[in-house]
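These notes are about the structure you will find just below.
The values are calculated or read from the model by the stated rules, or taken from the named source; none is laboratory data. Bear in mind the structure is a predicted one, so any value in this text is a computation, not a measurement. Positions of Cβ are generated from backbone atoms using ideal geometry, with glycine treated the same way; all protein chains shown enter the neighbour counts.
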Amino acid sequence: GAGVSQSPRYKVAKRGQDVALRCDPISGHVSLFWYQQALGQGPEFLTYFQNEAQLDKSGLPSDRFFAERPEGSVSTLKIQRTQQEDSAVYLCASSKGLAGGQETQYFGPGTRLLVL
Amino acid sequence: GQQLNQSPQSMFIQEGEDVSMNCTSSSIFNTWLWYKQDPGEGPVLLIALYKAGELTSNGRLTAQFGITRKDSFLNISASIPSDVGIYFCAGAFIQGAQKLVFGQGTRLTINP
């Protein structure tokens with residue numbers, strides 16, 4: 001498809017389990033972002049990649065959260081030892097990454113994570 | 001984390017009415033964006049604003065970048081049923097690819 005895709009769309013995990021969420025950005029997009037959206041709230045920034053380099057991870061809430069983009073395309077957000085407060089929708093967005101440009105971030109449909 | 005102050009939180013209007021929502025921040029932003037999110041989907045960009053004082057339209061939507069760079073508003077004229085959804089403002093500190101700071105959202109409900 002032409003848009004950002006995410007998988008799985010829904011994930012139920014038992015507390016303490018590890019989960020991995022996948023994002024396929026728009027082909028050729030240099031920049032990739034992860035956001036966390038709690039119920040009834042706006043998205044909150046987690047981390048940002050430019051190609052394979054993770055340039056900003058200031059929004060990751062704890063060291064249980066880890067993101068990678070090893071080949072500069074697909075990205076995985078991993079959450080270790082999930083807690084109930086990790087329940088949220090995890091959104092991925094990508095943009096062309098034009099230097100100094102007026103960027104548009106295109107969002108995927110999100111992965112809804114429920115930790116029991 | 002930081003979020004913008006967006007109001008109102010929800011609106012219930014009749015079809016055909018005009019809608020206005022706004023966003024304020026204690027920080028200066030260099031980019032203001034307005035997104036719409038439908039259930040089960042990611043946000044979709046409606047309007048982007050890059051200059052203080054800028055007024056931009058996209059069909060029935062009009063948005064302005066406040067002169068102080070700390071606020072923005074979105075107007076929707078002659079609302080129709082497909083306008084139902086959650087609208088988010090978002091700010092960015094610099095132009096170019098970087099993280100967005102979002103408001104809490106305005107949920108719009110339209111009575112036919």
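Numbers below:
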read-out: Criterion (within 13 Å of chain B (Cβ to nearest Cβ) and either without any contact (Cβ under 8 Å) to a residue 12 or more places away in the chain or within 22 Å of B:Q3 (Cβ to Cβ) (or both)) met by exactly one of A:F45, A:F49, A:F65; value: A:F45
read-out: Leading residue by the ranking (farthest from the other protein chains (Cβ to nearest Cβ)) among those in segment B:83-109 that are at pLDDT below 95 and farther than 18 Å from A:Q37 by Cβ; value: B:F93
read-out: Boolean, B:S20 is of a type outside the set (K, R), in a strand (DSSP E or B) and either without any contact (Cβ under 8 Å) to a residue 60 or more places away in the chain or at positive phi (or both); value: yes
read-out: Complete set of residues in segment B:32-53 that are within 12 Å of chain A (Cβ to nearest Cβ) and over 12 Å from the mean Cα position of the chain (by Cα); value: B:D38, B:P39, B:G40, B:E41, B:G42, B:Y50, B:K51
read-out: Residue match in segment A:21-34 (condition: touching a residue at least 12 places away in the same chain (Cβ under 8 Å), in contact with a Pro (Cβ under 6 Å, 6 or more places away or on another chain) and surrounded by 18 or more Cβ atoms within 10 Å (Cβ to Cβ)); value: yes
read-out: Qualifying residue in segment B:38-50 (condition: in contact with a helix residue (DSSP H, G or I) (Cβ under 8 Å, 6 or more places away or on another chain) and either of a type in the set (S, T, N, Q) or in contact (Cβ under 8 Å) with a residue 24 or more places away in the chain (or both)); value: no
read-out: Entirely in segment B:25-112, the strands (runs of 3 or more DSSP E) that have 1 or more residues that are basic (K, R); value: B:31-37, B:106-111
read-out: Answer residue from segment B:10-29, given it is over 19 Å from B:Q64 (Cα atoms) and among the polar types (S, T, N, Q) and is surrounded by the most Cβ atoms within 10 Å (Cβ to Cβ) among those; value: B:S10
read-out: Residues located in segment A:33-42, provided they are over 10 Å from A:Y90 (Cα atoms) and either modelled with pLDDT of 95 or more or at the interface with another protein chain (Cβ under 8 Å from one of its Cβ atoms) (or both); value: A:F33, A:G40, A:Q41, A:G42
read-out: Segment B:84-97, residues that are under 26 Å from B:G53 (Cβ atoms) and surrounded by fewer than 20 Cβ atoms within 10 Å (Cβ to Cβ); value: B:F93, B:I94, B:Q95, B:G96
read-out: Matching residues in segment A:79-112 - criterion: being away from chain B (no Cβ under 14 Å) and closer than 15 Å to A:R9 by Cα; value: A:S87
